[in-house]
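Structure record follows, encoded as structure tokens.
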Amino acid sequence: MKPQVLIIMGSESDLPVVEETGRILTEFGIPFEMTVASAHRTPDRVRKLATEAEKRGAEVIIAAAGAAAHLAGAVAAHTLLPVIGIPLSSSPLQGFDSLLSTVQMPPGVPVATVAVGRAGAKNAAILAAQIIGRKDGEIVKRLAAYRKKMALDVAKKAGSLKKR
């Protein structure tokens, strides 16, 4: 099955965080491809991945990078697919630099930006599922079940606190 989501991380060291994105996409039954490409060290590879993603079946691209974090913007410059940027905390600025680099895009080249780190990795997958779900009712059902489970988990935790 063709990957519906292309996940690009700027460095292999980003994998422990980005694995959460893959885990959530797998939970929703969304096929994905995960790879490494650097906006600064391998710009031609980034361009090729971005320009060929749609032909290969991708409907959304997720780009995760730390420090200067130009990856999502570099990808967005080469595709009309929705791009979701995950800023990572990999510098002394603890992700603040990544957040600003990812979110501050020029007009006309948007990048949807999620939270820094693991929460962002999870939300990027959920946002990708919501985008894909606009054309796939089964994904919408899985999203609804996911939300219901989250609510039940919170209620369960609240109930266990009352028993103390």
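Just so it is clear, none of the values below were taken in a lab; they were calculated from the coordinates. What you see is a predicted model; the values in this text were computed from it and never measured. We place every Cβ from the backbone using ideal geometry, glycine too, and count neighbours over all the protein chains shown.
Rounded to the nearest 10 degrees, the inclination of helix 118-133 to the longest alpha-carbon principal axis of the chain is 90 degrees.
Fully extended, how many nm does the chain gain between Arg134 and Leu161 (0.36 nm per residue separation, minus their Cα-Cα distance)?
Details: separation 27, 0.36 × 27 = 9.72 nm, distance 3.79 nm.
So the extension gain works out to 5.9 nm.
Mean projected area of the convex hull spanned by the Cα atoms of the chain, taken over all viewing directions: 10.9 nm². Ranked by the mean number of other Cβ atoms within 10 Å of their residues, highest first, the peptides 47-56, 121-130 come out as 121-130, 47-56.
Computed from Cα atoms, the angle from the helix 137-162 axis to the main principal axis of the chain rounds to 50 degrees. Compute the angle between helix 43-52 and the longest alpha-carbon principal axis of the chain, please, reported from 0 to 90 degrees and rounded to the nearest 10. Between the helix axis and the principal axis of the chain, the angle is about 60 degrees. Contact order, relative form, for the range 1-100: 29 percent (alpha carbon pairs under 8 Å, 6 or more residues apart, mean separation divided by residue count).
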